[in-house]
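Structure first, then comments.
FYI, it's all coordinate maths here, none of it is from the lab. The structure displayed is predicted, hence computed values, not measured ones. Counting neighbours? That spans all protein chains shown, and the Cβs are built from the backbone with ideal geometry, glycine included.
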Amino acid sequence: MINLNKIIVLSFFCFLVTSCGNNKAKDKIESIYDYNNDEILGDPIRITISEAEKVIYKIESDTLIDSLGNILLFGGVGIEVYSDGEKTNDIFSNKAIVYSKSDSMSADGDVKIVSSLSGYELFTDKIMLFNKTKLVRSREEVLFINDSDSLRGIGFWSDFDMINWKIEKPIGSISKGK
């Protein structure tokens with residue numbers, strides 16, 4: 001009888017230890033690196049990219065692919081960009097790449113950027129954001145709308161707030177009153 005009681009107690013103890021271990025795994029926060037596949041599909045996928053406890057990007061997309069450490073996003077991409085804890089702008093595009101080994105990201109295809117601070121809008125086909133220097137760059141044709149003015153050109157530089165900006169090769173003409 002004593003051996004049977006010892007077996008029951010040991011079995012119960014082993015069950016308790018293994019069941020507690022499983023609860024810890026369930027409490028773990030999910031990361032992109034927890035997935036075995038290189039592709040994650042969602043409706044939409046929502047991720048946050050942070051550096052040293054500061055949010056850099058909040059992203060929504062239909063498809064996420066991990067490619068050599070870079071994050072490729074496809075379909076309905078929406079990105080909120082943050083600088084020093086403040087949201088600076090929203091970016092919408094068909095696809096985007098977040099480069100993990102540098103300070104940059106790019107957005108491609110029907111790109112629209114809206115400044116959260118000024119309300120200015122930029123439309124183009126491709127844009128690069130350099131997070132550490134807080135600069136936005138496009139070599140493509142752009143349409144920039146501020147207040148009630150719209151300007152077209154090729155090539156664009158700006159800070160994240162889109163307050164200090166430059167169109168490298170303006171296109172079109174400006175007419176003054178008669």
**Study point:** residue 55 paired with residue 100, simple spin-label distance in nm, labels 7 Å along Cα-to-beta-carbon
**Key:** 2.2
Practice item. Starting from the amide H of residue 135, placed 1.01 Å from N in the peptide plane, find each other amide H under 5 Å away whose residue is 5 or more places distant or on another chain. Key: 130
Check your understanding: What's the local net charge at residue 120, with K and R +1, D and E -1, over the other residues with C-beta under 15 Å away?
Key -> -2
Check your understanding: Just in region 92-136: which trypsin sites (Lys or Arg not before Pro) are loop by DSSP and have at most 16 other Cβ atoms within 10 Å?
Key -> 101, 132, 134
**Study point:** Counted charge near residue 61, where neighbours are those whose Cβ lies closer than 10 Å (Asp, Glu -1; Lys, Arg +1)
**Key:** 0
Revision key, fill the gap. Dipole check, region 32-171, charges on Cβ (K,R +1; D,E -1), about Cα centroid: among 154, 142, 89 the Cα furthest to the positive pole belongs to 154
